[in-house]
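The values are calculated or read from the model by the stated rules, or taken from the named source; none is laboratory data. Being a predicted model, the structure only gives us computed values, none of them experimental. Reconstructed Cβ throughout: ideal geometry from the backbone, glycine too, with neighbour counts over all protein chains shown.
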Amino acid sequence: MGIRAYLDWNATAPLRGEARDAMAAAMDVIGNPSSVHAEGRAARRLVEDARGQVAALVGADPRNVIFTSGGTEANALALTSGLRHGESGAPDRLLMSTIEHPSVRTGGRFPVSAQEDIPVTGAGIVDTDWLAHRLTRLAGSRPLASLMLANNETGVIQPVAAVAEVVHAHGGLMHVDAVQASGKIVCDINILMADLLTVSAHKLGGPKGIGALILAGESLHISDPLLRGGGQESGRRAGTENVLGIVGFGAAAQAAREALTDYAARMAAARDHLEARVREIAPETVIFGADAPRLPNTTLLAMPGIRAETALIALDLEGVAVSSGSACSSGKVAPSHVLAAMGVPSELALGAIRVSLGPITTDDEIEMFLKAWTKRVMGLSRAKRGLAA
Ligand code: PLP
């Protein structure tokens, strides 16, 4: 590959040096963390150190961190009527926003008849008033609400704590998918008032295939784990621990936490510059969620009349990696469910391109994107309107 600009950090982030080093050092630790001998205890130490690092990222008690194979599994583990909270009964209804990641939208282990959507506004923010009214009408039931902290496509940040307050006032539990937010903005389980929180290593510079479900306190139990067998993860997720993945996750979580203050300012400056330049190049460019609070590294934009899949290939040929906000399944490209939920017409939604930056994104990479955008996407646009390039 020649020189490339990787601007798809929300899909996955490159491995941080800290994670790479920690994993390389752990590679020769041969023990099983469940074994009682010295080799086993050495592996256990690595796992528990990493558990502490992940817990620190979200202000949790390490005992409440359950390692999983990633964000998808953590979401599946969280969404169950098998949750037990002190003396209160099990949740019997799942309310989830219409912009959740597909791993939440499937509803976990709740039957379809017990699932319900929470709408969002045109700005892509969950409708808290709607939820408050709905929960009042559902009095007597025990809801579990699931809301992401930041949306993976638009980057729009949700008023999670305000929603949690409403949910708790109605005797419910709150699950927060913080996969895109953690490592990018402050993500403290106590401040968010979340009962369960999902994180994933590969979005913050850890390895792929490792994540965690984090519980707010000792009084919350999962009576129906997804995987049963050995007693790993305190009986909440059986299977020999992915020691290398966990070690990499821990190191990445610590590095992300330490870099957080610097991250927001740098990312926002770079993203805002990119958006300003794109608007200069073509004032008709639409930026989704621009008026809402957003992750500092994310922009979702569309040039009216240009399909995202066409633009994506053109940009890739110029060495620029971005992604589209639309989903392709069985060969048919469908508009993003997030933009549909925000009321964006499907013709415009089909043009949505997500550009997401990271802490090592350079000015040159942003320039590469802007040049490629001007040459290819504007070229397509001009050609479509029948103008000479
Ligand atoms: N939740 C959100 C908001 C995501 O963006 C993703 C991944 O893109 C996931 C969950 C799934 O995480 P994982 O890839 O670790 O399964």
Among the residues listed as Gly319, Gly305, Gly325, Gly331, the single one being modelled with pLDDT under 95, closer than 28 Å to Gly2 by Cα and either surrounded by fewer than 19 Cβ atoms within 10 Å (Cβ to Cβ) or not polar (S, T, N, Q) (or both): Gly325
Residue match in the stretch 186-206 (condition: within 16 Å of the ligand (Cβ to nearest atom), farther than 21 Å from Leu144 by Cβ and touching an Asp or Glu at 6+ places or on another chain (Cβ under 9 Å)): yes
Every pair of residues 6+ apart whose Cβ atoms lie under 8 Å, when the first sits in the stretch 54-73 and is on the phi > 0 side of the Ramachandran plot while the second is assigned to a loop (DSSP other than H, G, I, E, B) and within 15 Å of the ligand (Cβ to nearest atom): Gly70/Lys208; Gly70/Gly209; Gly70/Ile210
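Of the residues that sit in the stretch 211-246 and are of a type in the set (A, V, I, L, M, F, W, C) and under 17 Å from Asn32 (Cβ atoms), which one is nearest to the ligand (Cβ to nearest atom)?
Here is the first cut: in the stretch 211-246, the ones of a type in the set (A, V, I, L, M, F, W, C) are 212-216, 220, 222, 226-227, 238, 243-244, 246.
Subsequent filtering for residues that are under 17 Å from Asn32 (Cβ atoms) retains 227, 238, 243-244, 246.
On the way: Leu227: 15, Ala238: 19, Val243: 18, Leu244: 16, Ile246: 14 Å.
Going through the qualifying residues, I end up with Ile246.
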Considering residues of the stretch 35-65 that are of a type in the set (A, V, I, L, M) and over 19 Å from Ala181 (Cβ atoms) only, the residue surrounded by the most Cβ atoms within 10 Å (Cβ to Cβ): Ala50
Answer from Gly239, Gly209 - the residue that is without any contact (Cβ under 8 Å) to a residue 60 or more places away in the chain, surrounded by fewer than 21 Cβ atoms within 10 Å (Cβ to Cβ) and part of a loop (DSSP other than H, G, I, E, B): Gly239
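Name the single residue, out of those in the stretch 150-166 being buried (at least 24 other Cβ atoms within 10 Å of the Cβ) and aliphatic (A, V, I, L, M), that is farthest from Arg84 (Cα to Cα). Even if it seems obvious, please write down each step before you answer.
Of the residues in the stretch 150-166, the ones buried (at least 24 other Cβ atoms within 10 Å of the Cβ) are 150-156, 158, 160, 163.
Restricting the remaining residues to those that are aliphatic (A, V, I, L, M) gives 150, 156, 160, 163.
Details: Ala150: 27, Val156: 31, Val160: 22, Val163: 21 Å.
Only one residue fits best here, namely Val156.
Results for (1) touching a residue at least 40 places away in the same chain (Cβ under 8 Å); (2) over 30 Å from Val322 (Cβ atoms); (3) outside any strand (DSSP E or B), shown as yes or no for each residue.
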{"position": "Leu147", "(1), (2), (3)": "yes, no, no"}
{"position": "Thr154", "(1), (2), (3)": "yes, no, yes"}
{"position": "Ala162", "(1), (2), (3)": "no, yes, yes"}
{"position": "Val166", "(1), (2), (3)": "no, yes, yes"}
{"position": "Gly171", "(1), (2), (3)": "yes, yes, yes"}
{"position": "Val176", "(1), (2), (3)": "no, no, no"}
{"position": "Val179", "(1), (2), (3)": "yes, no, yes"}
{"position": "Cys187", "(1), (2), (3)": "yes, no, yes"}
{"position": "Leu192", "(1), (2), (3)": "yes, no, yes"}
Unique match (being crowded, with 17+ Cβ neighbours inside 10 Å, in contact with a Gly (Cβ under 8 Å, 6 or more places away or on another chain), small (Gly, Ala, Ser) and on the phi > 0 side of the Ramachandran plot) among Gly343, Gly289, Gly245: Gly289
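Rundown of residues vs (1) in contact (Cβ under 8 Å) with a residue 40 or more places away in the chain; (2) under 30 Å from Pro111 (Cβ atoms); (3) in contact with a Lys or Arg (Cβ under 6 Å, 6 or more places away or on another chain), yes/no style:
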site	(1), (2), (3)
Ala22	yes, no, no
Arg41	no, no, no
Thr80	yes, yes, yes
Ser88	yes, yes, no
Selection from the stretch 1-43 of residues that are among the β-branched types (Val, Ile, Thr) and assigned to a helix (DSSP H, G or I): none
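Buried (at least 24 other Cβ atoms within 10 Å of the Cβ), in contact with a strand residue (DSSP E or B) (Cβ under 7 Å, 6 or more places away or on another chain), at pLDDT 95 or above and not charged (D, E, K, R), is that true of Ala352?
Taking the combined requirement at face value, the residue satisfies it.
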Positions within the stretch 98-131 being away from the ligand (no atom under 16 Å from the Cβ), part of a loop (DSSP other than H, G, I, E, B) and within 19 Å of Leu226 (Cβ to Cβ), in sequence order: Arg109, Phe110, Pro111
Extreme residue, nearest to the chain's Cα centre (by Cα), among residues of the stretch 330-389 that are of a type in the set (D, E, K, R) and closer than 22 Å to Gln180 by Cβ: Arg354
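Hey, which of the strands (runs of 3 or more DSSP E) in the stretch 286-389, taking only ones fully inside, have at least 2 residues that are in contact (Cβ under 8 Å) with a residue 40 or more places away in the chain and farther than 30 Å from Gly17 by Cβ?
On the way: elements: 298-302, 327-329, 332-334, 353-356.
Once the strands (runs of 3 or more DSSP E) in the stretch 286-389 are filtered for at least 2 residues that are in contact (Cβ under 8 Å) with a residue 40 or more places away in the chain and farther than 30 Å from Gly17 by Cβ, what remains is 298-302.
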